[in-house]
Every structure is written in C-alpha cells, then in structure tokens.
Amino acid sequence: SKISVVHCFYFRGGAELLFDGVKKHQVTLPCQPEPWDIRNLLQWIKQNLLKERPELFMQGESVRPGILVLINDADWELMGELDYKLQDQDTVLFISTLHGG
C-alpha cells in the first residue's frame, strides 16, 4: 500500500496573507495511485489551504507570474516545474514578488 507523504509548504512575501497569515503548513497528502506532482499539489492547495482570492495565487493550473516556487531551496524551473514528482519530506516554498499599491 502507498504511504502518504509529509511535506512542508511555506508562503512568504505576502503570499501567506492568502492562507490566513499562516506561513508554514505541515501537510500529509492523501494517498493516490500516481505520485503527487506540483500540478496536482497546486490544485490540492487551492482546495484545502487557500482561504481567499485564489486569482492572486494561481493562474490556470500554475502559480501566477511573480510567485517564485522553490523545491528544497532550488528554483522549480530546474526541477521540471509542474511535472516535478514530490518526494517524502520535500519542502516547497512559495514567495510572492508582487506588491500591490
């Protein structure tokens, strides 16, 4: 049987305001037949963690331009972006570089 995996998600640079101000979420994702990738993860975050204004965090099936995504401190562009398969104990950091006036 598949074991569920534990991950830490961090929201910084103002992104945490969309998540009730909570900067760190320790999450056990539900088991599923296929490995979790970032694409599925973003949908899960949108449905389960995001509290308000999803359009400020997501655009289509990805994050909005201006939100940096780091997987274990590496730019997600180096990791395959949406197709990156999450590993147990991965840390995913979302940093908003958008500053409204």
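The values are calculated or read from the model by the stated rules, or taken from the named source; none is laboratory data. Just so it is clear, the structure is predicted and the values come from calculations on it, not from any experiment. So basically every Cβ, Gly included, is an ideal-geometry build from the backbone, and we count neighbours across all protein chains shown. The accessibility values were calculated without ligands, DNA or RNA, using every heavy atom of the protein model including side chains. Shrake-Rupley method; radii C 1.70, N 1.55, O 1.52, S 1.80 Å.
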**Prompt:** Does Trp76 satisfy being within 23 Å of Leu17 (Cβ to Cβ), more than 10 Å from the chain's Cα centre (by Cα) and buried (at least 16 other Cβ atoms within 10 Å of the Cβ)?
**Reply:** yes
**Complete:** Selection over the stretch 29-58 where residues are under 13 Å from the mean Cα position of the chain (by Cα) and either under 23 Å from Met79 (Cα atoms) or surrounded by fewer than 11 Cβ atoms within 10 Å (Cβ to Cβ) (or both) yields a count of 15
**Prompt:** Which of the following residues is out of contact with any Lys or Arg (no Cβ under 9 Å at 6 or more places or on another chain) and among the aliphatic types (A, V, I, L, M): Ile38, Ile45?
**Reply:** Ile45
**Message:** Condition first: at pLDDT below 95, assigned to a loop (DSSP other than H, G, I, E, B), open to solvent by less than 80 Å² (accessible area, probe 1.4 Å) and within 16 Å of Asp88 (Cβ to Cβ). Can you find one or more residues in the stretch 9-28 that meet it?
**Reply:** no
**Message:** For the stretch 56-98: of the residues being small (Gly, Ala, Ser) and touching a helix residue (DSSP H, G or I) at 6+ places or on another chain (Cβ under 7 Å), which is modelled with the highest pLDDT?
**Reply:** Ser62
